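> Below: one structure in structure tokens.
The values are calculated or read from the model by the stated rules, or taken from the named source; none is laboratory data. The shown structure was predicted, so the numbers you read here are calculated from the model rather than taken from an experiment. Here Cβ is always computed from backbone atoms with ideal geometry, including for glycine, and neighbour counts include all displayed protein chains. Surface accessibility is based on the protein's heavy atoms, side chains included, excluding ligands, DNA and RNA. Shrake-Rupley method; radii C 1.70, N 1.55, O 1.52, S 1.80 Å.
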Amino acid sequence: SSKREWKPLEDRSCTDIPWLLLFILFCIGMGFICGFSVATGAAARLVSGYDSYGNICGQKNAKLEAIPNSGMDHTHRKYVFFLDPCNLDLINRKIKSVALCVTACPRQELKTLSDVQKFAEINGSALCSYNLKPSEYTTSSKASVLCPKLPVPASAPIPFFHRCAPVNISCYAKFAEALITFVSDNSVLHRLISGVMTSKEIILGLCLLSLVLSMILMVIIRYISRVLVWILTILVILGSLGGTGVLWWLYAKQRKSPKETVIPEQLQIAEDNLRALLIYAISATVFTVILFLIMLVMRKRVALTIALFHVAGKVFIHLPLLVFQPFWTFFALVLFWAYWIMTLLFLGTTGSAVQNDQGFVEFRVSGPLQYMWWYHVVGLIWISEFILACQQMTVAGAVVTYYFTRDKRNLPFTPILASVNRLIRYHLGTVAKGSFIITLVKIPRMILMYIHSQLKGKENACARCVLKSCICCLWCLEKCLNYLNQNAYTATAINSTNFCTSAKDAFVILVENALRVAAINTVGDFMLFLGKVLIVCSTGLAGIMLLNYQQDYTVWVLPLIIVCLFAFLVAHCFLSIYEMVVDVLFLCFAIDTKYNDGSPGREFYMDKVLMEFVENSRKAMKEAGKGGVADARELKPM
């Protein structure tokens, strides 16, 4: 095809309209699933709950044919009570227990049938089967079968869902034991979960601390971008050394502390903490050594990143709303996930009443509609990727507007809102197509991961190797497509072309600048990784100091892991915006240098700082022996 000229921000037209229509139809299908589940009574069964005979709690019920105890009036019985709430069936995702509608949940533990009978007489809440009167609880021979398993744990109603849930964590520990197969000692798992429950306020505070630190780092990046790389490097060195030193100091301190007067339970917790401290200290030491080696190898390329970070910092000064972009994306994802989970719960209670082998009622969907949850799972992936792609397109459009506006005083009042407006008016189809491509890769990978988990320990070595290789290849393909999609969105924001054309143009530009892409991505991503490490180390160090005051009755392992994982995710969400800005700036710069040479009518759009970066990077690459004729042809002098 003939060579097409780039005309940044000049022409706007709708792109990939058929894909937008397809996405709208898909969303209508998602709405149909939700509407169908609500229309078949699933909403009432989910919110109010129902007993094992098909009666919805809190209302009058119609009689079901051939179902005993159905059609009862439960107007005053508003809560679902399980006779054995800790009997969990993980395969079928339900509680293997008889469910009854009761007036009130037992707030205190009931140890004997006399206590159950007394509770029924005082509160009017019968906890045994409908066929057994409260006066027969202690005299009937069937009471052991028709009454709840003793002792009856103290329970409280779940807000909005009217189920009596045990207050004690022992049931949750049993549930976790079935999920976590690597814990051979159940007492260890109980102590881990009790540690989380005991230090939940500290965990919440540390999670908020990581959020605040991420916000502060994003603000600091705007103003000290020139020295940010060196500051991050120094702080990470000090943080890793300090964290490692504190861990070894605490380990030595606890090892020397006297243990004669400690009770056995606290002694076991202290030994667990000592073992965890040793593992943490060794891991931190290995991590620090590896980090130092990487920084030693990359020290000569740090200067190349400083100028690029400075330009990105100027973008954040002109576009301050970019800092808050992760909040809007997270808010949209949370809303969609809440809707998705609610609809999934609706699907779990929809269908017609069917009597199972035990004589109790289950609700099942028959025919083609029983596969609706597959459609629902695909919707989770596609729409989630669509929301993330909208963020990428919004950021790309705002940065493109900044870069290709020669006089920065003529920028729109809010480039972010202008970019959102262009996205909604012109490019939703492109975003839908790009997110669908990622979905096509992600679904097979998830299916293979599910197969691998189901066949764990059963398949031979060859099959295991093939499965892992396929999963790894699909993961790599997904990451490559994500990077190409992001650059395709940038090309669409520049020239308003459809997805395939934009992806092809972006790919050609990236291939022509392969060496520069590798250098910028390697050094820039490493610097942003150092920022994430800084936030994780700071949050983890604060967690160690706070949890140190609870060492006598709290196991550290799980709370600290939760806090560090959350801190890394929060830092990743915020610094990924900075990474997007750097990638968009680079593509704009590559297009600028390819199609403009500084002559009249073909002036550069870049500012002076970015041009200095070009010259410095070229000199550095030549000095390192990685420049040459090919690189010189890429850069045209001003």
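A quick yes/no check of all residues on (1) of a type in the set (Ser, Thr, Tyr); (2) in contact with a Phe, Trp or Tyr (Cβ under 6 Å, 6 or more places away or on another chain); (3) touching a residue at least 60 places away in the same chain (Cβ under 8 Å):
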| site | (1), (2), (3) |
| --- | --- |
| 362 | no, no, no |
| 371 | yes, no, no |
| 418 | no, no, no |
| 435 | yes, yes, no |
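> Starting from the stretch 271-296, keep only residues that are over 17 Å from residue 540 (Cβ atoms), then list their pairs with residues that are open to solvent by 80 Å² or more (accessible area, probe 1.4 Å) whose Cβ atoms are within a distance under 9 Å, requiring at least 6 positions of separation or different chains.
Close Cβ pairs (under 9 Å, with a partner that is open to solvent by 80 Å² or more (accessible area, probe 1.4 Å)) amount to 274/255.
> Can you tell me which residue among 133, 111 is touching a Leu at 6+ places or on another chain (Cβ under 9 Å) and exposed (fewer than 15 other Cβ atoms within 10 Å of the Cβ)?
111 is the lone residue from the list that is touching a Leu at 6+ places or on another chain (Cβ under 9 Å) and exposed (fewer than 15 other Cβ atoms within 10 Å of the Cβ).
> Count, please, the residues in the stretch 36-71 that happen to be in a loop (DSSP other than H, G, I, E, B), of a type in the set (A, V, I, L, M, F, W, C) and modelled with pLDDT under 90.
Number of matching residues: 4.
> Next question, about the same structure. Go through (1) open to solvent by 60 Å² or more (accessible area, probe 1.4 Å); (2) modelled with pLDDT under 85; (3) among the charged types (D, E, K, R) and name the single condition residue 516 misses.
The single condition residue 516 does not satisfy is (1).
> What are the residue pairs meeting all of these: first residue in the stretch 525-539, first residue in the same structural domain as residue 565 (by the TED database) and of a type in the set (Gly, Ala, Ser), second residue part of a helix (DSSP H, G or I) and open to solvent by less than 30 Å² (accessible area, probe 1.4 Å), Cβ atoms under 6 Å, and 6 or more apart or on different chains?
531/217; 531/232; 531/575
> Criterion first (touching a residue at least 60 places away in the same chain (Cβ under 8 Å), in contact with a Ser or Thr (Cβ under 7 Å, 6 or more places away or on another chain) and farther than 24 Å from residue 317 by Cβ) does residue 430 satisfy it?
When the stated conditions are applied, residue 430 passes them.
> Might you check whether a residue that is free of Cβ contacts under 8 Å to residues at least 40 places away in the same chain, part of a helix (DSSP H, G or I) and not aliphatic (A, V, I, L, M) occurs anywhere in the stretch 79-90?
The answer is no; no qualifying residue exists.
> I'd like the residue in the stretch 139-149 that is of a type outside the set (Lys, Arg) and open to solvent by 70 Å² or more (accessible area, probe 1.4 Å) and, out of all such residues, is nearest to the chain's Cα centre (by Cα).
Only one residue fits best here, namely 145.
> If you go through the stretch 393-423, how many residues are part of a helix (DSSP H, G or I) and either among the aromatic types (Phe, Trp, Tyr) or within 18 Å of residue 11 (Cβ to Cβ) (or both)?
Residues that pass the stated criteria total 12.
> Follow-up. For the stretch 319-365: of the residues being among the small types (Gly, Ala, Ser) and out of contact with any helix residue (DSSP H, G or I) (no Cβ under 9 Å at 6 or more places or on another chain), which is farthest from residue 28 (Cα to Cα)?
The qualifying residue farthest from residue 28 (Cα to Cα) is 359.
> Could you list, in sequence order, all residues of the stretch 405-422 that are of a type outside the set (Lys, Arg) and at pLDDT 85 or above?
Once the filter is applied, which keeps residues that are of a type outside the set (Lys, Arg) and at pLDDT 85 or above, the stretch 405-422 yields 415, 416, 417, 418, 419, 420, 421.
> Right, something else. Being closer than 18 Å to residue 329 by Cα, surrounded by fewer than 20 Cβ atoms within 10 Å (Cβ to Cβ) and touching a Leu at 6+ places or on another chain (Cβ under 7 Å), is that true of even one residue in the stretch 372-385?
Scanning the stretch 372-385, I find at least one residue that is closer than 18 Å to residue 329 by Cα, surrounded by fewer than 20 Cβ atoms within 10 Å (Cβ to Cβ) and touching a Leu at 6+ places or on another chain (Cβ under 7 Å), so the answer is yes.
> With respect to residue 430, determine if the residue is hydroxyl-bearing (Ser, Thr, Tyr), modelled with pLDDT of 90 or more, under 21 Å from the mean Cα position of the chain (by Cα) and assigned by the TED database to the domain that holds residue 323.
So residue 430 fails the test.
> Can you tell me which residue among 465, 476 is without any contact (Cβ under 8 Å) to a residue 40 or more places away in the chain, open to solvent by 60 Å² or more (accessible area, probe 1.4 Å) and either of a type outside the set (Asp, Glu) or within 18 Å of residue 583 (Cβ to Cβ) (or both)?
465
> Here is a follow-up. Condition first: open to solvent by less than 40 Å² (accessible area, probe 1.4 Å), out of contact with any Ser or Thr (no Cβ under 7 Å at 6 or more places or on another chain) and in a loop (DSSP other than H, G, I, E, B). Now tell me which residues in the stretch 114-130 satisfy that.
126, 127, 128, 129
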